[in-house]
Structures are given as structure tokens and as C-alpha cells.
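The structure under discussion appears below in the form of C-alpha cells.
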Amino acid sequence: MAASTSTPGSDTRHGERPLDEDNPHTGRLRDAEEAGPNTQEFEDYQWTLNFGPQHPATHTTLRLVLKLDGERVVDAVPDIGYLHSGFEKLGESLDYNQYVTVTDRMNYISPMANNVAWHGAVERLLGIELPRRAQYIRVIVAELSRISDHLLCNGAAGLDTGAFTYFLYAFYQREVLYDIFETLCGARFTNSYTRVGGLMYDMTPLVIDKIRTFVRNFHKTLEDMDRLLNRNRIFVDRTKGVGVLPREEAINRSASGPIARASGVTRDLRKDEPYLCYPDFDFKVCCAKAGDCYARYLVRMAEMRESLRIVDQAIENLPVGEINVAIGERKALPTKSMVYSTIEGTISHFELTMSNRGFAVPFDESYAAIEAPNGELGFYLVGDGSDVAYRARCRPPSYIHFALFPYLIRGHTLSDIVAVLGSLNIIAAELDR
Amino acid sequence: MPDAAAKSDPAKAPAGGATVATSATVAALVEKFPAVKSSEFRGQTRVVVPAESIFAALEFLKQQRHFNFLVDITCVDYLNYRDATDRFGLVYLLANTDTNERLTVRTFLNEPDLTVPSAVPLWEGANWFEREVWDMFGITFAGHPDLRRILMPEEFTAFPLRKDYPLQGRGERHNFPVLSRHVG
């Protein structure tokens, strides 16, 4: 934007508002000034193109203000906030068990993982240790939702670059996973499965059987998907070397999850800061070095295989026992039969459901994160003694990854936008909250 | 942990699920900045840094103690909080990608001086975090390259995550004019 500083009147071209140089809070095109190697002087022949918020290739409400030199993207300014729903403010009025429905809507591609993240954070604040069986079941549903999330992300990336069959293969398996979730908790999409101190329902033999069948059959689909796309000339040409994120930049820009691991960052909270019962399982952290869209695709494919291994080990070694913490702890709701037949159950149920009682929450704050499908998903909670959080902050991976977008797209062509957007897997509800 | 092929040193990984914090880091920080207070809760180490030395403390942690990963920046409005003496608490969550240490750095701010130096020179990832804190709480980050609203429209005048922001009804609807969306 060197030209606009020298000739202040000249940047009203293309209907843009003039920049107020002294006021840092105005000026739409300020992002252009964070210099990249491809930043050029603002020339007359450059176009401004609005991409989204309802472009089919953006999948959700994402808006990009692009500056184009012919077909080449000179700059991209993400404009977010179209789906801002006040999820963090809602956390200040819904109690710890009610808020789980909001986490479903936060990342509606893998709601189970969000449920696990939210109640993991609440239990860290309350200091609850879960029973073994509940930990195993939470690992199983979190890994199944990782598979479901990666299937959608890779499937949509394939669809956007022309691989329709691949998308159908991926989506069929998502239906199978939804069937499993439906048998488990009654909801296909907005699961709300976890509770403070445990889970809503135990696993039935039917669910275990369905998960075993899925584990047995999914390998073949993964191999078919590999064969369809991994060496497909069109797909490789459109993704290799596109949107390269070097390792240092990935750390510097707070990237996490498959996007960071595709750039050579070996950070994975399941290994580095184990939560639940992840140390019990044998699995690998999947990494790549290239940091381009193709590497991100391959990392997601590899992670699905590792998740399948974890699910396989967990379902075969599922411990017997309770799925909720003991009734004496007064944290999880007792079962109905206990409420009707024992005095402890009646008292506990009464204490937990009355709005001015609930469980004892410390006047303190804590942060807990899980390795969600898209990266580190953490909640910073401030407790104030009541069963409603004083402040519930979500550390959303999509928010951080969308901030990477201008860096990744500069210098590429217009058609590469869908490849880069697809490989970042941005969920608008989590981006805007 | 039988398999840690991707890790250079599997022994570094902590066990037990709780995040590890080293007393050495806190000791070094306290030696450099004597006003720093530290505390422990549920296996997490938190330090409270005075607002005037927050940038120097973050710079020290990044360059001397290798906290190269900025996990999050957020803010808490302690308006009605029990025993709270300060209005806003700014929270920086840091992590070290080599040793997997984590550290929560907090600083307290009071009206009318709601300005801290921006952390963007240290971590590029702070850019959008700080814009969100400005948008939701009205904390100004001096030296930020592009501090403007990110989630709310630019014409919006209030800070919605502050505790005194009215949730619904007359107080809210009367105070805020109808917004027009200027095409930018």
C-alpha cells in the first residue's frame, strides 16, 4: 500500500473507503500492509473480489476479500463474524451440564470431541477423576468423531478439487458413524453425550457390536480412498506445493493439530500431555514435513488409521464398572432406580438439580485442552462457587487456522483458494462462536 | 507409552494427565521480576505479572525459557467476582513445544488505563487473539498492527463480554442505535 500513502486521494478506487492513516480502528484493507513477499503496489489493474460468505466452495459462512492480479491472489483479507452466536456469553448463564448442547453446535462436524473437551475442562476445574470405563468410552467416541471429522474434511477437499466418488465414499462412512452415535446416545448429530463426572448412557452390546463391525470394515474403505486420490494426477497437481506453511511459521502463528503436524511440528496432546487413558494405547503421531495441502491431506488419512487402531484397542479392552463417579461425590446425577429406591440417591438428585445448590465449585480458574480433530481445543474456565461458569473461554482451532489463510494463499491462483480452504477445515461456528 | 516414534525424547513427556510446570521457570521469572506472584492449581502453574512489565516478562519467557507457542490470549471481567480487587484479568496461555511445559501468565488491568503492549512482535499468532479481546472487552493493545473489531460490526460501540453489558430488554435496545452495514 505504498502508493496510497503517497497519494492519499487515490485509494477510493473500486469503491473502497479512504483509509484514515491516523486511526488504527478504521480502514478495511489494513491487512494488506502486513508485508508478504508478494505484496505489490496497489495497481489499477488489480481487482477486488468478494469470495463468500455464501460461495458453495466455502462450505460455511466464510467471507474473503481478495485482491487479484489477473488470476493471481495478491492479498486476501478474511472477514469473519457472520455466525457470531455469543457462545462464550451463553457459558455465563447455562450450567455445566446444560452448556454441553452449545459445544455440539460449536463444531458440528465432530460434536462428540467437543463434548469430551468441555466436560474434561469442567472436571479439571472440579478436580474429578473419572472411572476407567468412562475414560475408555470417552476415548472411543472422541476417536470416532476424529475419523468422522477427517472424512468430511478430506472428502470435501476431494470434492472441491473434482473427486466426487471419493466424497461419496467418505460420506457413506460418516453415515455409519452417525448410526453408531444414534445407537449410543439417541442423537445422530447433536450428541450431548457427556455429563459432569461421567456419561449420559453406558454402552450397550449392540453399540459395541456396531463399533467392532465398523473397525473391521473401515480399513477397506480407507484403502479404496487411498487408491482413488493419493496418486491421482489432478489432485496431486492441485495440492502439492500449494499453501506451504513452514515449521517455524506454524509455531509462531499458534497452529495446532493436523495442520501443524503436516508442517513438522510433532506436538500432539494425546502423547505430550496425556489425558483420559491415552497412555494405555499403542498409536503413532502422524507427521509430515512439506506443510502443503497435500501433506495435510496425507496426515489426516494417516490419523484416521491411527484412530481406528485406538478404537480397536479400546473396544476390545473395555473395562467393566461404573460410567459415572460415585454417588458419594455428589457430582454426577444418580440413576433413576437409585433415586426411587435409596435415600442417598434421592438426596443426591435433589441437591444436584436444585438451582441454588449443585456441586461445590472452587473460586479459581483452570485450563484444560484435548487434541480435537482440528487441533488443540481448550476451555479456560473461571469458577465462582455456583454451577454456572463465571467465564467460559473456548480456545478454538478454526479461529487460529483462518488467520493463517492470507499467509498461505498469497501468490497462488484463484482456483487454489478452494484447495487451501479445504485443507484448513474451517468450521464457521467455531470460528465465530 | 510404547510408541513415541515422532518424539526426539519420549522421556520428556509428562505422565499423569496433569500439565507439567517447572519451578525453575518460575524461579527465573521471579528473580528477574520480583513483583511476580506464582500459584498452583490442579497441576497448573500460574503467575501474576504487573501490567507494566507484562511485555518484558513475555519476552523473557519466549527468549530465555523457550515458551515459543502461544496457546491463547483471553480476558476475564471480574466485576462481581468475590474478593476481586481488579476489574480485568488478561490471561496468556504459553507452552513450550520442546519440553511440553505450560505456563499461565496473568495480569490485572483497571479502568481507565486499559492498555498493554501488544504481543504480536513476539508471536504472530497473537494478532487475532488481541483483536478479539479488544472487540469483546475493550482492552487496547499498543503497537498492534491492525487493532479493529473482528467479530462485531465496526459500528458497534459496546464490548459484549463485559459483565455490565445488558443481556436483553430495554437497557440494551434503547442504548444502541440501529446499525447500518456500510459496504467496506
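The values are calculated or read from the model by the stated rules, or taken from the named source; none is laboratory data. Keep in mind that this is a model prediction, so the values were computed, not measured. When we count neighbours, we look across all protein chains shown, and the Cβ atoms used for this are built from the backbone with ideal geometry, even at glycine. Protein only, heavy atoms only, side chains kept; ligands, DNA and RNA dropped before computing areas. Shrake-Rupley method; radii C 1.70, N 1.55, O 1.52, S 1.80 Å.
For the reader, a short list of remarks on this structure follows.
- Leading residue at positive end of dipole, chain A (Cβ point charges), from A:ALA389, A:MET106, A:ALA76: A:MET106
- GNM top mover of A:ALA117, A:ALA326, A:ALA392 - chain A, alpha-carbon springs below 10 Å: A:ALA326
- Loop-located trypsin sites (Lys or Arg not before Pro) in the stretch B:65-125 (DSSP state other than H, G, I, E, B) with a sparse environment of at most 12 neighbouring Cβ atoms within 10 Å: B:ARG82.
- The stretch B:40-140: projected area of the alpha-carbon convex hull, averaged over directions, in nm²: 6.7
- Degrees, to the nearest 10: A:205-229 long Cα axis against longest axis of chain A: 20
- With the gyration tensor restricted to C-alpha atoms of the stretch A:349-433, the semi-axes of the equivalent ellipsoid amount to 40, 12, 9 Å, longest first.
- In summary, the lysines within cross-link reach of B:LYS32, defined as a Cα separation below 22 angstrom excluding same-chain residues under 8 places away, comprise B:LYS62.
- Reachable aspartates and glutamates, given that their alpha-carbon falls under 13 Å from the alpha-carbon of A:LYS89 and they are not under 8 places away in the same chain: A:ASP432, B:ASP77, B:ASP164
- Percent RCO, i.e. relative contact order, over chain A, from Cα pairs under 8 Å lying at least 6 residues apart: 23
- Helix A:132-160 axis versus longest C-alpha principal axis of chain A: approximately 30°, rounded to the nearest ten.
- For the pair the stretch A:264-300 and the stretch A:378-393, the centres of their Cα atoms are 29 angstrom apart.
- Counting only residues at least eight positions apart within a chain, or on another chain, the aspartates and glutamates with an alpha carbon under 15 Å from that of B:LYS37 are B:GLU52.
- Exposure rank, largest accessible area first [B:GLU154, B:GLU31, A:GLU430; 1.4 Å]: B:GLU31, B:GLU154, A:GLU430
- Debye-formula intensities of chain A, expressed as log10 I(q)/I(0) at q = 0.06, 0.09, 0.11, 0.13 Å⁻¹, are -0.28, -0.61, -0.87, -1.13 (one equal scatterer per alpha-carbon, no solvent).
- Pairwise centroid distance, computed over Cα atoms, of the stretch A:172-231 with the stretch B:137-159, Å: 42
- Centre-to-centre, using Cα atoms only, the stretch A:40-95 and the stretch B:30-108 are separated by 32 Å.
- With all protein chains in place and ligands, DNA and RNA left out, the 1.4 Å accessible area ranks B:THR85, A:THR342, A:THR221 as B:THR85, A:THR342, A:THR221, largest first.
- Space enclosed by the convex hull of the alpha-carbon atoms of the stretch B:82-129, per residue, Å³: 100
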